[in-house]
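The values are calculated or read from the model by the stated rules, or taken from the named source; none is laboratory data. Fair warning: this is a prediction, and the values are worked out from it, not measured in the lab. FYI the Cβ positions are ideal-geometry reconstructions off the backbone, even for glycines, and counts take in every protein chain you see.
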Amino acid sequence: MYKAKIYLFMLSLSMAIFFYSSCSQPKALTILHTNDIHSNFLPHEAAWVRDNPKPQIGGFNELYFVADSIKRVKNVLLLDAGDVMTGNPITEYKYKGALGGALFEMMNMIGYEVWCPGNHDFDISQDNFVKLTKIAKFPTVSANLVNNEGKNHLNNLPYIIVDKTGIKIGIIGIMSQDLYGLVNQNNLVGIRVLSPIETLQKYINEIDTKTDLIIALTHQGVYDDSVLAVNVRGLDVIIGAHSHTRLTKPKLINDVIIAQAGGNNENLGELELFIENDKVTSFNGKLIPLWFRADRPKNQLSSLVDSMQITIEKDYSEIIGILKSDWKRGGGESGIGNFITDAQRIAAKTDIAFMNNHGIRRDLPAGKMSKKDLFEVLPFYNILTTFQLSGQQIKSIVKYYIKDKSPIQFSGIKCQWTKKEGDIEILKLDIQGKPIEDDRIYSAAASDYFIGEAKRYLGLEINNAIQLNMTVFDEVRKVVLNTKEIDSKIENRIEEIK
């Protein structure tokens, strides 16, 4: 009898210990995260390293092996916060019916579990975007992208709840409300972007009682993520993107943990969480540099990576010109901007041309220029477009550029100006070397994206644009081929006389 009582006591005690440990012990979760990959499925030079030759960093092979090594020992959730597309010619090749589809097949092989799209994932077309989401074997979450009926119509879900060893995790996707200023508007027809704060709070309220942890997977930048953290209740973590911010350690704002991994597939973010009673009790985050290792074993992923690399090198390795001086972007006029706008003007046979600074995506050093180099400078599928402007309108554009420091480049325009009594006075304004005439109609060229954002760039709307059957990249490439040796310089096309 005595032994039976001892046995029952010990059994009760062990059950109590088990119940306490299973209910009260913090549970561990490791979030692995990437953002702003921009088609960097291959390793590339670590440009900031002073060594010569510079080491290689990034690529999907390295990402796979680093993520896999962590998965083997930890409870892992692998997420991406958007801008998988745009930056490498791989997006020009169809795979399973979608341009850039091979990138999402590679992500399937790496083991991604959820992603939130970014603005550049719409660069080709809305239809291509939907095809990409169908190649992905992981769900697309973007709660505030809806149609006119308020429905998520892009094969996207507002959120998903996943279970990781007993931890129920709600993941809500959020797109930047500036989407219409970031993407060619032709690609966004029928899409509405709802308020990030209101949309996120709505779905937090809906899933709070069903989850142990709520993550906002966002593509809007670290500043807007901070605003989001301050203005919502019930959120635990933000995995962010868009601003390419390298948060070597997570930020903590209003008890919300904010993490972001930089960009270009150079780092894998690792965020370790301990969760107890519906709260994060402690966390630790870091970035893991993806230094390239040539001794990685071959696998199914590396076979696909290698095949795409061989195809691209075959099609894009052609040397198309020689740069006699560096192509460097800047806040104002640049040699690279002058050449690209001149090329657009020549191709479209217009009087003037414009280019937005942000459309020029890479600097190039002096030396041989390959087709791939130029593609990385101009990776967008932008259509060359023509339109008309009066001399008076061109004057207003030039004044707008000077006053508002509009981030654009010019071709065909030469201006001298000065400040007089706090205002802008145009001293001289020539079009193609001849004095401008207020009532004359001039022809102009720019990309179709630029036309959609003309109010922001030029200070006026463009309503008479005609799309040509040519892309900006192709036409600039033709001018490079014809020029052969390029020595584009800053020419003070808009010059202040003091």
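Residue count for the stretch 203-235 satisfying the condition of being farther than 17 Å from I253 by Cα and within 19 Å of the chain's Cα centre (by Cα): 1. Of the strands (runs of 3 or more DSSP E) lying entirely inside the stretch 114-224, the ones with 1 or more residues being out of contact with any Phe, Trp or Tyr (no Cβ under 6 Å at 6 or more places or on another chain) and of a type in the set (D, E) are found at 159-164. Considering the stretch 273-317, the residues that are in contact (Cβ under 8 Å) with a residue 40 or more places away in the chain and exposed (fewer than 12 other Cβ atoms within 10 Å of the Cβ) include one that is farthest from A259 (Cα to Cα), namely S317. Taking (1) buried (at least 21 other Cβ atoms within 10 Å of the Cβ); (2) within 23 Å of V141 (Cβ to Cβ) in turn, N88 satisfies each apart from (2). State which residue is surrounded by the fewest Cβ atoms within 10 Å (Cβ to Cβ) when the search covers only the stretch 57-72 and only residues that are among the β-branched types (V, I, T) and within 25 Å of the chain's Cα centre (by Cα). Among those that are among the β-branched types (V, I, T) and within 25 Å of the chain's Cα centre (by Cα), it is V66. Every residue in the stretch 73-86 that is out of contact with any Gly (no Cβ under 7 Å at 6 or more places or on another chain) and over 15 Å from V183 (Cβ atoms), please. Residues satisfying the conditions are V73, K74, N75, V76, L77, L79, D80. In this entry, E105 is excluded by the filter for residues that are under 17 Å from A261 (Cβ atoms), assigned to a helix (DSSP H, G or I) and charged (D, E, K, R).
Are any of the residues in the stretch 185-202 surrounded by fewer than 19 Cβ atoms within 10 Å (Cβ to Cβ), farther than 25 Å from G101 by Cβ, within 18 Å of the chain's Cα centre (by Cα) and at pLDDT below 95? Checked against the condition, which is being surrounded by fewer than 19 Cβ atoms within 10 Å (Cβ to Cβ), farther than 25 Å from G101 by Cβ, within 18 Å of the chain's Cα centre (by Cα) and at pLDDT below 95, the stretch 185-202 yields no hits at all.
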